[in-house]
Amino acid sequence: MNKTLRFGGLRLKENRFSANAWIEKTHLPRRVYIPLLQHSGKPAKICVQKDQLVEEGQLIGSADGNLSCPVHASVSGRVISIASVSDHSIVTIETGGSVKNWYAKKTPLEQLAPKDMIERIRAAGVVRLNGESVSEASNLEKATGSKIQTLILSCFQTEPYLASVYRMSLEKCEEVLEALNVYRKMLSVQNAVLVFSELDLELIALYTEKAKGLNNITILPIHAKYPQDEVSLLVQTAAGKEIPLDKNPWDIGCYAIDVETLMAGMEAVLYQKPLIERIVSFTGDGLNKAVNLKVRIGTSISYLIEEYGLPAQKKLLAAGGPMRGEEITDRNKPITKYINSVIFLSPSKKYVVSNDPCIRCGSCVELCPVRIDVPLLSRLCELGRLDEAVGNGLSTCVECGLCAYDCPSRIPIVGFIKRAKKLINSEN
Ligand code: SF4
Ligand code: SF4
């Protein structure tokens, strides 16, 4: 039996409709709408003006603090507006001018010292592309202060419909292994564990073959349950170590990363390519043909719907996966660094919430991968009893949504938890 979660979790129906679709590069959109807040931390500070001409990859927002990230123009063109939205700006660029070939010049890895590599990742605005949106450079900087013994690479996603990691792992195997070397050098670590879902037999065979003769690489198939690709749970499964509360993977000698962020990091290090595009799966049971698109950051979802002839009138459109994704009400919303999918779903009762009382069925407790007394935590959060919520596992919750998934009373548990976390953050 392959390794799996020690507690809770659920094997959800995959519905990976775009798994067989090659990644397609999209046409240049007429305009891009680039928010200066696409990361955790403060919004980037605007550094262009209206009517200014910009080149693809040019800095348009500089990082404001260590956790913040710079933001770059994803196309060449003219800045036609800078709009303020709550706490940050959105820069609109009308496309025109040259398209850059980022891969024309490569820096040999042996010429780069680890600290210069991290600086390149910082300058490129790389964030975790698995939805966490945390600055990768800030993670790396903290990790290099610890002795890393194992680099853990996640080559699977457990949330239904998502296929970007699968396609990238399949189509870019050589590059993934090269990127792994970049990270091994940057973190001064030899041992790497590549983790796959046991169902992805072709990936396991491919990497086993390609990694032959490479030292210190372990291929680890696991019995993947949702939300096992979450970093703390991944480390637990791959390295057999638990991360103590308020600690990070590097505090226990591990660095865990997903394959998409690893590739973005490699492109920043070797080609000085900023994070200006990402893979997005357009998928769901509301589509006849699911696709995986390489999209410029700032491209509007409505442009892609039109360009690819996708149905415009579906009732529910979610981004980020049905378990953790947000409902999209405005289809002019741009693709940002943290949007890995756009899902066309029929309305489902899973999305209906109610105020029915908890019947203490225990389903949420059984599914919770981090062993929280969910009904208690949910109630404390609902009532705003924040100190007690913290004492009952609020910060341990990985917001996977499993507890609410099968709740017969359809209690919006994760909504209560997220709201409580937000309240605590705003008080600090
Ligand atoms: S959302 Fe939080 S409380 Fe609910 S199952 Fe996931 S980790 Fe447990
Ligand atoms: S699943 Fe819902 S009804 Fe059942 S114990 Fe949890 S909160 Fe209560």
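Is there a residue being at pLDDT 95 or above and among the acidic types (Asp, Glu) anywhere in region 87-98? Yes, the conditions are met somewhere in region 87-98. It is to be established whether one or more residues within region 325-334 are under 21 Å from Tyr166 (Cα atoms), assigned to a loop (DSSP other than H, G, I, E, B) and at pLDDT below 90. Yes, the conditions are met somewhere in region 325-334. Just one of the listed residues (Glu110, Glu132) is surrounded by 16 or more Cβ atoms within 10 Å (Cβ to Cβ) and closer than 25 Å to Leu262 by Cβ, namely Glu132. Please indicate, with yes or no, whether at least one residue in region 44-63 is modelled with pLDDT under 95, on the phi < 0 side of the Ramachandran plot and charged (D, E, K, R). No, region 44-63 contains no residue that is modelled with pLDDT under 95, on the phi < 0 side of the Ramachandran plot and charged (D, E, K, R). Applying the set (1) under 30 Å from Asn425 (Cβ atoms); (2) at pLDDT below 95; (3) surrounded by 15 or more Cβ atoms within 10 Å (Cβ to Cβ) to Thr26 leaves exactly one unmet item: (1).
Looking across region 280-317, just one residue is outside any loop (DSSP other than H, G, I, E, B), farther than 29 Å from Ile80 by Cα and modelled with pLDDT under 80, and that is Leu316. The listed residues are Gly362, Gly391, and the only one of them that is near ligand 2 (Cβ under 10 Å from one of its atoms), modelled with pLDDT of 90 or more and surrounded by fewer than 22 Cβ atoms within 10 Å (Cβ to Cβ) turns out to be Gly362.
For region 1-64, please list each of the strands (runs of 3 or more DSSP E) lying entirely inside it that holds at least 1 residues being within 23 Å of Gly97 (Cα to Cα) and among the aromatic types (Phe, Trp, Tyr).
31-35
The condition (being at pLDDT 95 or above, more than 25 Å from Cys403 (Cα to Cα) and in a loop (DSSP other than H, G, I, E, B)) is satisfied by just one residue among Leu275, Leu220, Leu214: Leu275.
Scan region 125-169 for residues that are assigned to a helix (DSSP H, G or I) and either in contact with a Cys (Cβ under 6 Å, 6 or more places away or on another chain) or polar (S, T, N, Q) (or both) and the total you get is 5.
How about region 394-405: which of its residues are in contact with a Lys or Arg (Cβ under 9 Å, 6 or more places away or on another chain) and either more than 15 Å from ligand 2 (Cβ to nearest atom) or not in a helix (DSSP H, G or I) (or both)?
Here is the first cut: in region 394-405, the ones in contact with a Lys or Arg (Cβ under 9 Å, 6 or more places away or on another chain) are 394-397, 399-401, 404-405.
Those that are in contact with a Lys or Arg (Cβ under 9 Å, 6 or more places away or on another chain) and either more than 15 Å from ligand 2 (Cβ to nearest atom) or not in a helix (DSSP H, G or I) (or both): Leu394, Ser395, Thr396, Cys397, Glu399, Cys400, Gly401.
Only a single criterion out of (1) part of a loop (DSSP other than H, G, I, E, B); (2) away from ligand 2 (no atom under 11 Å from the Cβ) is not satisfied by Gly415, namely (1). Set side by side, the residues Ser188, Ser164, Ser133, Ser146 differ, and just one is farther than 30 Å from Ala21 by Cα and at pLDDT below 95, which is Ser146.
In the list Ser164, Ser169, Ser146, Ser197, which residue meets the criterion of being of a type in the set (Ser, Thr, Tyr), touching a residue at least 40 places away in the same chain (Cβ under 8 Å), more than 16 Å from ligand 1 (Cβ to nearest atom) and surrounded by fewer than 21 Cβ atoms within 10 Å (Cβ to Cβ)? Before you say what the answer is, go through the steps one by one.
Values: Ser164 fails: surrounded by fewer than 21 Cβ atoms within 10 Å (Cβ to Cβ); Ser169 fails: surrounded by fewer than 21 Cβ atoms within 10 Å (Cβ to Cβ); Ser197 fails: surrounded by fewer than 21 Cβ atoms within 10 Å (Cβ to Cβ).
Unique residue meeting the criteria: Ser146.
Filtered by the rule that a residue be of a type in the set (Asp, Glu) and within 13 Å of Lys294 (Cα to Cα), region 251-283 gives Glu260, Glu277. Consider region 410-423 and keep the residues that are over 21 Å from the mean Cα position of the chain (by Cα) and buried (at least 16 other Cβ atoms within 10 Å of the Cβ). The one that is farthest from Arg360 (Cα to Cα) is Ala420. For region 205-234, the set of residues classified as free of Cβ contacts under 8 Å to residues at least 40 places away in the same chain and of a type in the set (Ser, Thr, Tyr) consists of Thr208, Thr218, listed by residue number.
Every residue in region 377-401 that is of a type in the set (A, V, I, L, M, F, W, C) and either assigned by TED's automatic domain parsing to the domain that holds Lys247 or within 21 Å of Ser232 (Cα to Cα) (or both), please.
Within region 377-401, Leu377, Ala389, Val390, Leu394, Cys397, Val398, Cys400 qualify.
Take the conditions within 24 Å of the chain's Cα centre (by Cα) and outside the structural domain of Tyr207 (by TED's automatic domain parsing) and apply them to Val91. Does it pass? Here the answer is yes, as Val91 does meet what is asked. Of the residues making up region 371-422, those that are of a type in the set (Asp, Glu) and more than 8 Å from ligand 1 (Cβ to nearest atom) are Asp373, Glu382, Asp387, Glu388, Asp406.
The values are calculated or read from the model by the stated rules, or taken from the named source; none is laboratory data. A quick note: this is a predicted structure, and the numbers were derived from the prediction, not measured. Reconstructed Cβ throughout: ideal geometry from the backbone, glycine too, with neighbour counts over all protein chains shown.
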